[in-house]
Amino acid sequence: LLEFIIYPKGVSKGMKVVKLGGSVITNKKAAGSRKGVKARFLPGVARRLLKEIRDSKQQIILITGAGSFGHVLADRHGLKEGYREDRQWDGYCRVSRDVRRLNLMVLDEALRLMMRPVSIPPSVSVLQAEGKIHYLDEGVFRRYLAQGLMPVTFGDVALDMGARRFSICGGDALALHLAQLFRAERAIFVSDIDGIKVGERPALAREFTAAELGRITPPRGAAGKGVADVTGGIAAKARLALELAASGTETVVLNGRKGGRLLSALKGGEPVGTWFRRPPA
Ligand SMILES: Nc1ncnc2c1ncn2[C@@H]1O[C@H](COP(=O)(O)OP(=O)(O)OP(=O)(O)O)[C@@H](O)[C@H]1O
Ligand SMILES: [Mg+2]
């Protein structure tokens with residue numbers, strides 16, 4: 001209660017949640033290579049997207065995905081399925097370090113742009129239950145927003161109160177949770193594709209409803225060859241976006257490799273992308 005007295009207007013009505021997907025800010029395909037992690041980060045793309053965020057002048061919660069920094073090791077150690085054997089904890093610690101590294105590289109760019117970002121790692125502020133967010137310290141987000149700072153969180157591992165002991169707290173799931181919590185006006189998933197493709201001859205779905213769920217074009221090759229994704233890939237993203245839209249947040253999956261689309265979506269425009277509309281009032 002005290003918090004609401006101290007920070008009455010922490011969250012604006014037009015708040016936006018932006019997820020910079022691992023697919024756009026990292027080279028997901030280079031994941032298996034022995035190159036240093038830094039080589040897999042795409043600073044130029046991140047910088048341009050951050051500029052678009054800054055230029056939009058909107059109140060934003062930013063989420064960075066895991067890309068090649070998280071999915072590969074998480075997959076190798078079977079972190080998605082939870083605890084089986086003791087040595088998985090080594091993988092847990094590594095993944096938590098790697099995704100934080102990526103997050104801090106994005107943070108470095110945001111700092112150069114004077115965006116006042118503050119990193120909030122889920123591994124120390126989220127408690128999961130059977131693979132889903134059970135508790136998230138919303139006060140941290142609210143208080144930073146109230147000070148005019150930009151909370152930046154990221155897809156991470158987290159402790160789980162269920163039998164699995166730990167699980168993955170994905171960036172998409174964080175976007176859903178935070179957007180619902182703060183009644184975000186829009187949620188924007190920035191990716192390396194124009195949107196979600198449907199049909200046998202893949203075509204971009206401009207508007208996505210539950211009817212399209214069964215029509216999503218499956219990834220080519222064995223589950224998108226060479227690209228690990230422990231959080232369920234594009235179908236999981238579509239289901240989550242439908243849930244977001246249903247709870248009142250207009251949602252879009254758009255291409256961050258194309259300049260200006262993120263900025264447009266942040267300013268209320270309707271750039272090319274896959275749109276998930278909220279139900280009519
Ligand atoms: N039908 C489809 N439509 C669009 N993209 C698809 C489809 N099938 C597979 N994909 C792949 O899904 C990818 C986007 O999902 P992915 O989870 O890899 O990205 P992300 O969420 O941005 O990354 P991260 O999970 O690391 O944050 C695209 O790069 C594309 O290759
Ligand atoms: Mg993903």
- Message: I'd like the carbon and sulfur percentage of the solvent accessible area for the chain, probe radius 1.4 Å, heavy atoms only, ligands and nucleic acids excluded.
- Response: 53
- Which whole-number value in Å² is the accessible area per residue of the chain, probe 1.4 Å? 49
- Taking the Cα centre of the chain as origin and charging only Cβ (+1 Lys, Arg; -1 Asp, Glu), how large is the dipole, in debye to the nearest 20? 880
- Message: Treating only the Cβ of Lys, Arg, Asp and Glu as charged (+1, +1, -1, -1), what charge dipole size does the range 163-206 show about its Cα centre? Round to the nearest 20 debye.
- Response: 180
- Query: For the chain, what does -39500 (n - 2.57) per DSSP helix run (n ≥ 4), summed and divided by total residues, give at 222 nm, in deg cm²/dmol to the nearest 500?
  - Reply: -10500 deg cm²/dmol
- Too-long pairs where the Cα-Cα distance tops 29 Å, listed order kept, from Lys51/Lys80; Lys13/Lys197; Lys13/Lys237: Lys51/Lys80; Lys13/Lys197
- Fully extended, how many nm does the chain gain between Arg116 and Leu159 (0.36 nm per residue separation, minus their Cα-Cα distance)? 12.6 nm
- Query: What is the distance, in nm, between label points placed 7 Å from the Cα along the Cα-to-Cβ direction at Arg87 and at Lys29?
  - Reply: 3.2
- How big is the charge dipole of the range 87-131 about its Cα centre, in debye rounded to the nearest 20, if each Lys and Arg gets +1 on its Cβ and each Asp and Glu gets -1 on its Cβ? 140
- Between Ala129 and Ala246, what length comes free when the chain is fully extended (0.36 nm per residue of separation minus the Cα-Cα distance, one decimal in nm)? 39.8 nm
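The values are calculated or read from the model by the stated rules, or taken from the named source; none is laboratory data. Only a predicted model underlies this, so the values are computations on that prediction, with no experimental measurement involved. Here Cβ is always computed from backbone atoms with ideal geometry, including for glycine, and neighbour counts include all displayed protein chains. For accessibility, only protein heavy atoms count, side chains too; no ligands or nucleic acids. Shrake-Rupley method; radii C 1.70, N 1.55, O 1.52, S 1.80 Å.
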